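Note sheet for the following structure.
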Amino acid sequence: MTLAEACGQAGQPEEGLKRIVEAADLVETTKERWVEAEIHRTRGTLLLSMREDAAAEDSYRRALAVARQQQAKSWELRASTSLARLWRDQSKTQQARDLLAPVYGWFTEGFDTRDLKEAKALLEELAA
């Protein structure tokens, strides 16, 4: 996963997508699904960097579905933040806020973490 993200940050999203395929294959082989939502979210981010917005949205939605099924609130926050950013960029401000606000609202601690700081900043931007 980290390697896929690094590839994306280095401007090599295609290489990152190859690493995502490897990670997804490993999940299927081992049946260890705890990181599955993050695999889909990372795929979405890589696709978005390639301007494949529809495919990115599909990946973000899949990440959300997996996180919700697993009741993995941290992964759901990350997927919600990513999808809300995409929607903000598409001028779907209300949809973005409606998605992210309730997820952010579940948290009662950890507000100094990067994920919660990013979600809060995005919510503030969406409210403006």
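The values are calculated or read from the model by the stated rules, or taken from the named source; none is laboratory data. Every value quoted in this text rests on a predicted model; they were computed, and no experiment measured them. Heads up, the Cβs are rebuilt from the backbone with ideal geometry, glycines too, and the neighbour counts pull from every protein chain shown. Accessible surface areas use protein heavy atoms only, side chains included; no ligands, DNA or RNA. Shrake-Rupley method; radii C 1.70, N 1.55, O 1.52, S 1.80 Å.
The figures follow:
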| quantity | calculated |
| --- | --- |
| Residue-level accessible surface for D25, protein heavy atoms, 1.4 Å, Å² | 90 Å² |
| Whole-Hz couplings from phi, Karplus 6.51/-1.76/1.60, listed for segment 30-42; x for Gly and Pro | 8, 6, 8, 9, 4, 9, 4, 4, 5, 4, 5, 5, 5 |
| Kirkwood hydrodynamic radius over Cα pairs of segment 57-128, then Stokes diffusion coefficient at 20 °C and 1.002 mPa s, in µm²/s | 179 µm²/s |
| Within straight-line cross-link reach of K120, lysines at Cα separation under 26 Å, skipping those fewer than 8 residues along the same chain | K73, K92 |
| Solvent-accessible ranking of K31, K92, K120, largest area first, probe 1.4 Å | K31, K120, K92 |
| Inter-label distance, nm, simple model (7 Å from Cα along the C-beta direction), Q69/K92 | 2.1 nm |
| Choice from E57, E76, E32 with maximal GNM fluctuation in the chain (Cα, 10 Å cutoff) | E32 |
| Heavy-atom SASA rank of L86, L48, L3 (probe 1.4 Å, accessible area, largest first) | L3, L48, L86 |
| Principal axes of segment 28-69: Cα extent on each, largest first, Å | 31, 20, 11 |
| Extended-chain gain in nm, criterion 0.36 nm per residue less alpha-carbon gap, F111 and E15 | 31.2 nm |
| The chain, accessible area per residue, ligands and nucleic acids excluded (1.4 Å, Å²) | 57 Å² |
| Computed accessible area, W106, all protein chains, 1.4 angstrom probe, square angstrom | 110 Å² |
| The chain, relative contact order in percent, only Cα pairs under 8 angstrom and at least six apart counted | 17 percent |
| Share of pairwise Cα separations in the chain, more than 26 Å, in percent | 19 percent |
| Rounded accessible area of S49 (nearest 10 Å², 1.4 Å probe) | 70 Å² |
| Cα pair distances exceeding 16 angstrom across segment 4-58, given as percent | 38 percent |
